[in-house]
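The values are calculated or read from the model by the stated rules, or taken from the named source; none is laboratory data. Please read all numbers here as calculations on a predicted model, not as lab measurements. Don't worry about glycine lacking a Cβ; one is built from the backbone with ideal geometry, like all the others, and counts go over all protein chains shown. The protein model used for the area step is the full one, side chains on, heavy atoms only, and it has no ligands, DNA or RNA in it. Shrake-Rupley method; radii C 1.70, N 1.55, O 1.52, S 1.80 Å.
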Amino acid sequence: MDMPDLRAIEGRRRVAIENVNPVVDCGRFPIKRTIGQTVVVTADVLADGHDVIRAALLSRKQGETAWRETPMVELGNDRWQGQFDASELGRYEYTVVGWVNAFASWHRDLQKRIDAGHDVTVDLQVGTRLVSMAAERAAGDDAKRLRDWHAVLTAGSASSAMFREKRQELADLMDRYPDRRLASQYDPPLGLIVDPVKARFSAWYELFPRSCGAQAARHGTFSDVIDWLPRLAEMGFDILYLPPIHPIGTTFRKGKNNAVAAEAGDLGSPWAIGSSEGDHTAIHQQLGTLADLSKLVAAAKDRGIDIALDVAFQCSPDHPYVKQHPQWFRKRPDGTIQYAENPPKKYQDIYPFDFETSDWRALWRELTDVVLYWCAQNIRIFRVDNPHTKPFAFWEFLIAEVKAQFADAIFLSEAFTRPKIMYRLAKLGFTQSYTYFTWRNSKAELIEYFTEITQPPLCEYFRPNLWPNTPDILPEHLQTGGRAAFVARLVLAATLGANYGIYGPAYETLENRPREPGSEEYLNSEKFELRNWDFDRPDNLRVLITAVNRARRENSALQSDAGLRFHTTDNDQLLCYSKHGGQGFNVVLVVVNLNFHELQRGFINVPLGELGIRPDRPYQVEDLLAGTTFTWQGPRNFVELDPHQSPAHIFRVVPQA
């Protein structure tokens with residue numbers, strides 16, 4: 001065992017700093033917050049012996065040299081806490097510094113000696129020297145006041161009335177000018193990414209622009225999408241996500257319902273990107289021009305809606321890259337390019353990139369530049385297709401490069417894969433992530449899953465975005481559960497998570513027809529053809545969606561994943577949970593009937609003290625969906641939910657007088 005080199009260490013540093021939180025993988029990855037949030041940091045700060053110690057939290061924007069310092073307070077058992085505000089977008093770093101406070105130790109022990117009637121002559125000399133040294137570190141009026149105190153102590157007046165009455169003033173002065181030459185600092189500093197508010201709280205609506213035409217058979221345009229904006233804004237959505245808007249290849253183009261061979265007039269899948277018309281920076285001619293897209297972006301922004309684009313790093317066989325950079329694709333033994341597969345599924349219309357190519361640096365640079373191009377067009381939100389099929393290091397590079405120039409960029413990871421891979425992608429920089437919510441149906445499954453993803457350490461870096469459906473996923477419960485299933489799953493998505501989304505036209509109109517029994521694919525999928533949606537049907541969910549989104553906007557408790565708590569019920573078909581927090585007293589209590597066919601009733605148990613409700617007084621709960629108000633008393637209350645009327649309550653707890 002090698003002996004330590006005493007010349008390389010400062011052995012007089014006595015303070016140890018351990019167990020700093022929040023932290024992700026010992027500091028390998030940054031934690032995440034959104035602008036305006038407070039970052040609360042705790043740490044164990046301790047030293048040998050019985051000396052008084054002090055600790056401070058240091059923070060700064062990446063690139064700054066000076067630290068901002070805030071004092072930490074001791075919580076007990078050597079645990080300390082401090083906080084700072086995430087006031088700007090971008091990357092921060094933070095750390096903890098601790099030191100032995102010689103004056104505070106002296107001041108504490110001096111009082112004990114005075115109370116015991118000891119001779120404190122020598123002790124005063126020690127204090128005099130400490131104050132003199134602090135006066136040299138101070139400036140201005142503080143330096144003068146410390147010199148005055150030096151005179152008091154020199155005169156031996158520690159037991160005088162002045163010292164007894166004003167010694168806290170001296171202690172405060174000395175705390176401002178501590179001797180920190182032997183301070184310990186936690187190293188290396190930890191990272192923090194501060195994102196826009198929509199990284200934490202957002203409502204996504206997905207639509208295919210080509211189906212937005214006023215007539216059923218006409219290919220829609222960006223101008224047609226503008227006509228949809230008033231309705232989407234009225235419903236309360238603030239992100240409009242568009243599948244790929246690029247030219248679509250013709251070679252091996254898929255037909256309707258994913259038929260292997262396309263027929264005349266078939267449009268193909270938007271994810272088969274690229275043709276002679278252009279690449280990932282081009283726009284499908286039938287959708288419009290770049291100027292038309294800019295008008296859509298501006299019109300959406302005027303209504304509080306951001307446009308999100310799909311990033312799908314794959315190519316149709318007709319993509320210009322195939323000829324320009326053949327080395328970026330994997331060749332099979334017969335010389336043909338390997339198309340995408342997920343056996344037994346085959347995607348002959350898509351070529352994946354070969355990220356093991358010897359030309360990987362040029363490939364990385366090109367794909368990063370694609371995202372930077374769309375950022376320059378005032379688009380900053382991206383839903384990323386299948387990121388788990390590309391290298392981790394690539395995404396860490398790309399996201400860091402983009403956010404260095406556009407700190408407000410948001411990346412949604414569409415990785416339905418093994419949990420640890422999903423979490424790794426979040427650590428690498430993905431702002432939000434799709435989840436397994438779509439396949440978590442029972443009470444036990446929902447409680448277990450959301451307890452996991454909303455608690456530390458996952459909540460420090462993993463932001464769930466809950467989708468009850470997507471163009472690829474029509475879950476079985478929506479196929480068979482009727483309108484109640486659509487309502488219940490919407491309420492769950494919008495209240496269990498602060499970020500949620502729907503494949504909008506299909507969800508609004510209760511589209512529930514699978515391509516074949518046992519399939520999660522839609523019949524007549526919009527991925528392969530134009531669809532005309534009947535928004536005037538009487539069971540349309542527009543009114544309900546509007547009410548749910550209004551409840552989210554008007555209740556800060558629903559604008560974060562923090563504060564989620566599940567509560568017991570005496571009926572396993574009733575799921576009850578609450579969220580509280582945000583500004584002022586805001587408690588939202590949600591009850592959902594998980595049986596989409598039968599009425600369910602039972603008692604729920606509300607932990608009044610935990611939610612800040614006085615148990616000795618009645619309280620009211622207002623149903624934000626039905627507009628009714630109930631008066632409850634105590635923790636145990638009765639609910640009844642008929643799925644044919646409304647399968648869910650979203651209660652706002654009215655503050656007690």
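Of all residues in segment 368-384, none satisfies being part of a loop (DSSP other than H, G, I, E, B), touching a Lys or Arg at 6+ places or on another chain (Cβ under 8 Å) and open to solvent by less than 20 Å² (accessible area, probe 1.4 Å). The residue of segment 78-105 that is nearest to ILE17 (Cα to Cα), among those that are open to solvent by 20 Å² or more (accessible area, probe 1.4 Å) and not in a strand (DSSP E or B), is ASP78. Residues in segment 531-557 that are part of a loop (DSSP other than H, G, I, E, B), open to solvent by 40 Å² or more (accessible area, probe 1.4 Å) and not acidic (Asp, Glu): ASN532, PHE535, ARG537, PRO538.
Listed here are the residues, each with its yes/no results for (1) β-branched (Val, Ile, Thr); (2) out of contact with any helix residue (DSSP H, G or I) (no Cβ under 7 Å at 6 or more places or on another chain); (3) within 30 Å of THR42 (Cα to Cα); (4) modelled with pLDDT under 95.
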{"position": "ILE193", "(1), (2), (3), (4)": "yes, yes, yes, no"}
{"position": "ALA199", "(1), (2), (3), (4)": "no, yes, yes, no"}
{"position": "PRO209", "(1), (2), (3), (4)": "no, no, no, no"}
{"position": "SER223", "(1), (2), (3), (4)": "no, no, no, no"}
{"position": "MET235", "(1), (2), (3), (4)": "no, no, no, no"}
{"position": "LYS256", "(1), (2), (3), (4)": "no, yes, no, no"}
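Residues in segment 244-267 that are within 13 Å of CYS315 (Cα to Cα) and not charged (D, E, K, R) were compared, and the one that is most open to solvent (accessible area, probe 1.4 Å) is PHE252.
If you go through segment 404-426 and keep only what is surrounded by fewer than 22 Cβ atoms within 10 Å (Cβ to Cβ) and assigned to a helix (DSSP H, G or I), you end up with ALA404, GLN405, PRO419, LYS420, ILE421, TYR423, ARG424.
Just one of (1) among the basic types (Lys, Arg); (2) more than 28 Å from THR128 (Cα to Cα); (3) open to solvent by 80 Å² or more (accessible area, probe 1.4 Å) fails for ARG12. It is (2).
Out of all the residues in segment 198-222, which are of a type outside the set (D, E, K, R), in a loop (DSSP other than H, G, I, E, B), within 29 Å of the chain's Cα centre (by Cα) and over 13 Å from PRO244 (Cα atoms)? Once the filter is applied, which keeps residues that are of a type outside the set (D, E, K, R), in a loop (DSSP other than H, G, I, E, B), within 29 Å of the chain's Cα centre (by Cα) and over 13 Å from PRO244 (Cα atoms), segment 198-222 yields only PHE201. Say whether the condition of being open to solvent by 50 Å² or more (accessible area, probe 1.4 Å), at pLDDT 90 or above, of a type in the set (D, E, K, R) and assigned to a helix (DSSP H, G or I) is met by at least one residue in segment 114-121. Within segment 114-121 (the criterion being open to solvent by 50 Å² or more (accessible area, probe 1.4 Å), at pLDDT 90 or above, of a type in the set (D, E, K, R) and assigned to a helix (DSSP H, G or I)), the answer is no, since none of the residues qualifies.
When the residues of segment 561-580 are filtered to those that are among the small types (Gly, Ala, Ser) and farther than 20 Å from LEU625 by Cα, the one that is least open to solvent (accessible area, probe 1.4 Å) is GLY563.
For residues in segment 59-72 being assigned to a strand (DSSP E or B), over 17 Å from ASP179 (Cα atoms) and touching a Ser or Thr at 6+ places or on another chain (Cβ under 9 Å), which is most open to solvent (accessible area, probe 1.4 Å)? For segment 59-72, the residue satisfying everything is ARG68. Among the residues of segment 22-37, none qualifies, meaning not one is over 30 Å from TYR423 (Cβ atoms), open to solvent by 30 Å² or more (accessible area, probe 1.4 Å), modelled with pLDDT of 95 or more and part of a strand (DSSP E or B). I'd like to know if segment 227-242 contains one or more residues that are part of a helix (DSSP H, G or I) and in contact with a strand residue (DSSP E or B) (Cβ under 6 Å, 6 or more places away or on another chain). Within segment 227-242 (the criterion being part of a helix (DSSP H, G or I) and in contact with a strand residue (DSSP E or B) (Cβ under 6 Å, 6 or more places away or on another chain)), the answer is yes, since at least one residue qualifies. Taking segment 214-235, which residues are among the small types (Gly, Ala, Ser) and either open to solvent by 10 Å² or more (accessible area, probe 1.4 Å) or within 14 Å of VAL297 (Cβ to Cβ) (or both)? Matches in segment 214-235: ALA214, ALA216, ALA217, SER223, ALA233. Among the criteria (1) crowded, with 18+ Cβ neighbours inside 10 Å; (2) in a strand (DSSP E or B); (3) touching a Leu at 6+ places or on another chain (Cβ under 9 Å), the one VAL45 does not fulfil is (3).
Set side by side, the residues GLY278, GLY268, GLY288 differ, and just one is under 18 Å from ASP310 (Cβ atoms) and touching a strand residue (DSSP E or B) at 6+ places or on another chain (Cβ under 6 Å), which is GLY268. Could you check segment 284-305 and list, in sequence order, the residues that are open to solvent by less than 30 Å² (accessible area, probe 1.4 Å) and within 30 Å of the chain's Cα centre (by Cα)? Result: LEU293, LEU296, VAL297, ALA299, ALA300, ILE305.
Look at (1) open to solvent by less than 50 Å² (accessible area, probe 1.4 Å); (2) closer than 30 Å to GLN314 by Cα and you find that GLY481 fails only one, number (2). Return a yes/no flag: does segment 168-178 have any residue that is out of contact with any Asp or Glu (no Cβ under 8 Å at 6 or more places or on another chain), at pLDDT 95 or above and not hydroxyl-bearing (Ser, Thr, Tyr). There is no residue in segment 168-178 that is out of contact with any Asp or Glu (no Cβ under 8 Å at 6 or more places or on another chain), at pLDDT 95 or above and not hydroxyl-bearing (Ser, Thr, Tyr). In segment 272-281, what count of residues is obtained for those that are open to solvent by less than 20 Å² (accessible area, probe 1.4 Å), assigned to a loop (DSSP other than H, G, I, E, B) and either hydrophobic (A, V, I, L, M, F, W, C) or without any contact (Cβ under 8 Å) to a residue 60 or more places away in the chain (or both)? Here the count works out to 2.
If you scan segment 558-580, which residues turn out to be assigned to a loop (DSSP other than H, G, I, E, B) and under 24 Å from GLY304 (Cα atoms)? Those that are assigned to a loop (DSSP other than H, G, I, E, B) and under 24 Å from GLY304 (Cα atoms): SER560, ASP561.
Select from segment 439-464 the residues that are touching a helix residue (DSSP H, G or I) at 6+ places or on another chain (Cβ under 9 Å) and not in a helix (DSSP H, G or I) and write down the one among them that is farthest from ASN524 (Cα to Cα). My answer is PRO457. Looking across segment 329-365, the residues that are assigned to a helix (DSSP H, G or I) and either surrounded by fewer than 17 Cβ atoms within 10 Å (Cβ to Cβ) or among the polar types (S, T, N, Q) (or both) come down to ARG361, ALA362, ARG365.
Comparison of TRP374, TRP364 shows that the only residue that is of a type outside the set (Asp, Glu), closer than 27 Å to PHE528 by Cα and touching a Phe, Trp or Tyr at 6+ places or on another chain (Cβ under 8 Å) is TRP374.
Please work out which residue is farthest from the chain's Cα centre (by Cα), limiting yourself to segment 479-521 and to residues that are on the phi > 0 side of the Ramachandran plot and in a loop (DSSP other than H, G, I, E, B). The residue in question is GLY518. The condition (being assigned to a loop (DSSP other than H, G, I, E, B) and either open to solvent by less than 10 Å² (accessible area, probe 1.4 Å) or within 30 Å of LYS32 (Cβ to Cβ) (or both)) is satisfied by just one residue among GLN583, GLN656, GLN645: GLN583. Restrict the check to segment 457-464 and report whether at least one residue is within 28 Å of ARG542 (Cβ to Cβ), at pLDDT 95 or above and open to solvent by 30 Å² or more (accessible area, probe 1.4 Å). The answer is no; no qualifying residue exists.
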